[in-house]
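This report concerns only the one structure given below.
The values are calculated or read from the model by the stated rules, or taken from the named source; none is laboratory data. Predicted, not measured: the structure shown is a model, and the values here were computed from it. Here the Cβ is made from the backbone with ideal geometry for all residues, glycine too, and neighbour counts use every protein chain on show. All accessible areas refer to the heavy atoms of the entire protein, side chains included, with ligands and DNA or RNA removed. Shrake-Rupley method; radii C 1.70, N 1.55, O 1.52, S 1.80 Å.
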Amino acid sequence: MKRLLIFALLAALLAASSASAKNGEVLAVKFDADVNPVTQGWLSDRIKEGANFDALVILLDTPGGLDSSMRKIVQDELAAKEPVIVYVAPNGARAASAGVWISQAADVLAMSPVSNIGSSTPITSTGANLDSDLKRKVVNDAAASLRNLARVHGRNAKWADLAVRRASNLTSGEALRLNVIDLISPNLPALLKTIDGRTTKPRGLTLHTAGDTIVTKEMGFFTRLLDTLIDPNLLSLLFLAGIGGILFEVFHPGVVLPGALGAVALVTALFGFSVLPTSWAGVALIVLAIALLVIDAHVVTHGALTVSGLVALAVGMLMLFHDAPAPYKIDTWFVLAVTLSLGGFMAIALGKVVQVRRRPSAMPAMVGAEGVVRSDGLVFVRGELWQAATDDGAPLAPGEQVLVDDVEGLRLKVHRV
């Protein structure tokens, strides 16, 4: 009887362990953004989190991004404790540029039926080809890196070289035929069932994914917001608004709101500058431009400083992210629009200032005007309250009638009627 009881307990334990093995969990991470420090940090955290799951699946759809961020993601994939599966999905998705490295670093690489992969040739920040000497260095380094990733995972290293040197791009069917990917799958559950029991290269991990529960995670609002805030055009506007708001507060103390909003905009812009490869010479030129525009608003230079400031502003904005790749450069038309708009505003403002300066002073008309004394030495004259005093210094009583003798700055000299 005891033996039967022991066998029953053992059978129950085996059944429970078998059930738990069949009902594990797979973490599916949706990565549908550019590759940059913000998205890289989020994905790296998800790769570490995947250590508690049977496997990590990266649902990839990216046009590429920064080389430095891509390399950090690749390092995290290679060092992950769990099997890493990259699935280029859904239909219509792509793994382009930096996305090819992320794909080839995976233990298993799959694609949806209607997707593509490739186009990994390094280019300049303007989208043009690199110069000959620099091109050889950068392209050779990129090609060797991608070839090595493909080779160690048992995939087509020759195509990896073509993806870098000739920007080769393949459909999912072509990629499978050329051994660029491991398989094509219509959906994620089917993929997990197909790869169950497979042993990965080069780490030799055995996958147990059939029937696993899929836990899906996407980028949250805050990550999406930060990803949006590092748009180079938006960052340049925030930087201009930040400095402009703070300078407005300096010249008009007590208004508060422009200075507070300017500080928020400036800190946000500085965050973006710390994330993207920023040219500090461009930052210095933008600061100089704003300083010249502010000085011209207070000094008579007939617009010379404004023209200089606008030129410095345009050059500074174009230089700001000169070292960043194509997705993170400032649009030339955007720079032109900002410069012309600011130039038009300054022209109108300076024109108004010149008109005011040429207008004859209205102060002498106050002489001889009649007023009424209010409290605290104030006199109400022609709809305005003025500080006033008599020639003999005698105090004025509220309600007395006075006549203006002279205007000294913002103070009236009066005598009693």
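The angle between the Cα long axis of helix 132-152 and the longest principal axis of the Cα atoms of the chain comes to about 40 degrees, rounded to the nearest 10.
Between amide H atoms placed 1.01 Å from N, distances below 5 Å from Asn169 occur with Ser119, all of them 5 or more places distant or on a separate chain. When the chain is treated as a GNM with alpha-carbon contacts under 10 Å, the residue of Asn116, Asn187, Asn36 showing the greatest mean-square fluctuation is Asn187.
Can you work out the FRET efficiency for the pair Gln401 and Ala347, with r the C-beta to C-beta distance and R0 = 45 Å, to the nearest 0.05? FRET efficiency, Gln401 to Ala347: 0.40. Full extension of the segment from Ala337 to Thr199, taken as 0.36 nm per residue of separation minus the current Cα-Cα distance, would add 44.0 nm. Take every Cα pair under 8 Å whose residues are at least 6 apart in sequence, average their separation, divide by the length of the chain, and the relative contact order is 11 percent. With Cα extents along the principal axes in Å in mind, check (i) 69, 50, 41; (ii) 123, 72, 29; (iii) 65, 52, 45 and report the label derived from this structure. Only one listed value fits the structure, namely (ii). Between Val264 and Arg166, the FRET efficiency estimated from the beta carbon spacing at R0 = 45 angstrom works out to 0.45.
Note on the chain: with a GNM built from Cα contacts shorter than 10 Å, the maximum mean-square fluctuation among Asp54, Asp161, Asp392 falls on Asp392. In this structure, Asp391 and Ala369 have a Cβ-Cβ separation that, at R0 = 25 Å, corresponds to a calculated FRET efficiency of about 0.90.
GNM on the chain, alpha-carbon springs under 10 angstrom: the most fluctuating residue among Ala210, Ala150, Ala394 is Ala394. Remark on Ala55: its backbone amide H falls under 5 Å from those of Leu27, a criterion applied only to residues 5 or more positions apart or on other chains, H modelled at 1.01 Å from N.
Computed over all pairs of different Cα atoms, the Kirkwood value for the hydrodynamic radius of segment 49-122 is 12.3 Å.
Per DSSP H run of n ≥ 4, the term is -39500 (n - 2.57); total these for the chain, divide by its residue number, and report the mean residue ellipticity at 222 nm rounded to 500 deg cm²/dmol. Per the formula, -16000 deg cm²/dmol. Shown in residue order for segment 31-44 are the 3J(HN,Hα) couplings computed by the Karplus curve 6.51 cos²θ - 1.76 cosθ + 1.60 at θ = phi - 60°: 10, 10, 8, 5, 8, 8, x, 5, 5, 5, x, 5, 5, 4 Hz (x for Gly and Pro). A run of the chain free of exposed loop cleavage sites, with GluC sites (Glu not before Pro) counted only in DSSP states other than H, G, I, E and B and at most 16 other beta carbons within 10 Å, reaches its longest extent at 1-217. His415 sits among other residues whose Cβ lies under 12 Å from its own Cβ, and their net charge, with Lys and Arg +1 and Asp and Glu -1, is -4. Ligands, DNA and RNA are left out, and with a 1.4 angstrom probe the accessible area of the chain is 52 Å² per residue. Beyond 21 Å in Cα-Cα separation lie the following of the pairs Lys48/Lys72; Lys217/Lys329; Lys81/Lys201: Lys217/Lys329. Applying the Karplus relation 6.51 cos²θ - 1.76 cosθ + 1.60 with θ = phi - 60° to segment 236-241 yields 3J(HN,Hα) values of 5, 5, 4, 5, 4, 5 Hz, where x marks Gly and Pro. Spin-label pair Ala190-Leu78: with each label point 7 Å from Cα along the Cα-Cβ axis, the two points sit 3.3 nm from one another.
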